[in-house]
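S.K.: A single structure is presented below for examination.
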Amino acid sequence: MTKNKNKKTFKDYMWILSVTYLALGFFNILFAWLGLLCFSIPLIISLTGHGKAYCNTYCGRGQMLDLMGNKLKLSKNRDIPKFLRSKWFRYGFLTFFMTMFVVMLFNTYLVFNGTNGLKEVVKLIWTFKVPWAWTNTSMVTPWVAQFAFGFYSMMLTSTILGIVTMLLYKPRSWCVYCPMGTMTQLISKAKYKANSNTSCSSCNSYSN
């Protein structure tokens with residue numbers, strides 16, 4: 001009896017987590033804290049020597065874009081422009097993205113120490129402020145809510161960018177310049193280089 005290669009596993013439904021996360025954040029911004037898992041898990045997987053396994057297998061956003069582009073036929077399926085695949089753009093976008101992350105943390109700190117008040121807005125594309133005051137944040141301290149607003153803004157913005165490039169180019173074009181993908185790739189290269197240097201050192205020691 002042959003094994004059914006088309007049999008679905010839990011890994012094929014990770015896109016549900018991405019959709020659920022965005023929906024929960026719409027109704028209660030505090031669920032945005034769950035997005036930290038999307039930051040930490042890929043890095044942990046890469047640091048433990050599994051390369052880009054998260055990007056290739058477990059990324060719910062990648063699956064969601066693939067579903068929208070291929071299954072729903074929303075993608076034009078054109079090749080992504082060379083500049084989006086270039087190192088300068090990918091590293092530049094990673095730098096910009098992490099800079100915005102630090103700015104978000106700083107704004108959270110200003111609320112934490114009482115310098116600024118809580119701003120109940122979600123900022124799209126780091127520019128457009130969308131009022132988000134219907135969600136109840138009275139049960140937590142203001143800085144906890146401020147972090148949630150800032151983090152959800154980043155997650156929603158990156159999702160919008162992924163959808164736009166999915167519509168214009170191939171479904172998973174976002175994966176080419178995704179900051180987390182770039183970071184895990186850099187970690188994998190660094191670990192490979194370190195392992196190679198260790199092996200060479202061992203060989204030299206043995207020969208001496």
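S.K.: Which members of segment 117-140 meet the condition of being without any contact (Cβ under 8 Å) to a residue 12 or more places away in the chain and in a loop (DSSP other than H, G, I, E, B)?
M.R.: Thr127, Trp134, Ser138, Met139
S.K.: Within segment 1-94, considering only helices (runs of 4 or more DSSP H) that don't extend past its boundaries, which have at least 3 residues that are more than 24 Å from Leu167 (Cβ to Cβ) and in contact with a helix residue (DSSP H, G or I) (Cβ under 8 Å, 6 or more places away or on another chain)?
M.R.: 36-45
Residue-by-condition table, conditions (1) within 14 Å of the chain's Cα centre (by Cα); (2) within 30 Å of Pro142 (Cβ to Cβ):
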position: Tyr13; (1), (2): no, no
position: Leu17; (1), (2): yes, yes
position: Ser40; (1), (2): yes, yes
position: Thr48; (1), (2): no, no
position: Gln63; (1), (2): yes, no
position: Arg78; (1), (2): no, no
position: Lys82; (1), (2): no, no
position: Thr108; (1), (2): no, yes
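Every residue, every condition in (1) surrounded by fewer than 23 Cβ atoms within 10 Å (Cβ to Cβ); (2) among the aliphatic types (A, V, I, L, M), yes or no:
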residue: Lys129; (1), (2): yes, no
residue: Trp132; (1), (2): yes, no
residue: Gly150; (1), (2): no, no
residue: Met154; (1), (2): yes, yes
residue: Thr157; (1), (2): yes, no
residue: Ile160; (1), (2): yes, yes
residue: Trp174; (1), (2): no, no
residue: Tyr177; (1), (2): no, no
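S.K.: When residues of segment 95-111 are filtered for being out of contact with any helix residue (DSSP H, G or I) (no Cβ under 6 Å at 6 or more places or on another chain) and in contact (Cβ under 8 Å) with a residue 60 or more places away in the chain, how many remain?
M.R.: 1
S.K.: So which residues in segment 38-88 are within 22 Å of Val19 (Cα to Cα), surrounded by 14 or more Cβ atoms within 10 Å (Cβ to Cβ) and free of Cβ contacts under 8 Å to residues at least 12 places away in the same chain?
M.R.: Within segment 38-88, just Ala53 meets the criteria.
S.K.: Any chance segment 99-107 includes a residue that's crowded, with 18+ Cβ neighbours inside 10 Å and in contact with a Pro (Cβ under 7 Å, 6 or more places away or on another chain)?
M.R.: No, there is no match, as no residue in segment 99-107 is crowded, with 18+ Cβ neighbours inside 10 Å and in contact with a Pro (Cβ under 7 Å, 6 or more places away or on another chain).
Taken together, the values in this text are just the output of simple stated rules run on the coordinates, not laboratory data. Fair warning: this is a prediction, and the values are worked out from it, not measured in the lab. Cβ sites come from the backbone with ideal geometry, for glycine too, and all protein chains shown count toward neighbours.
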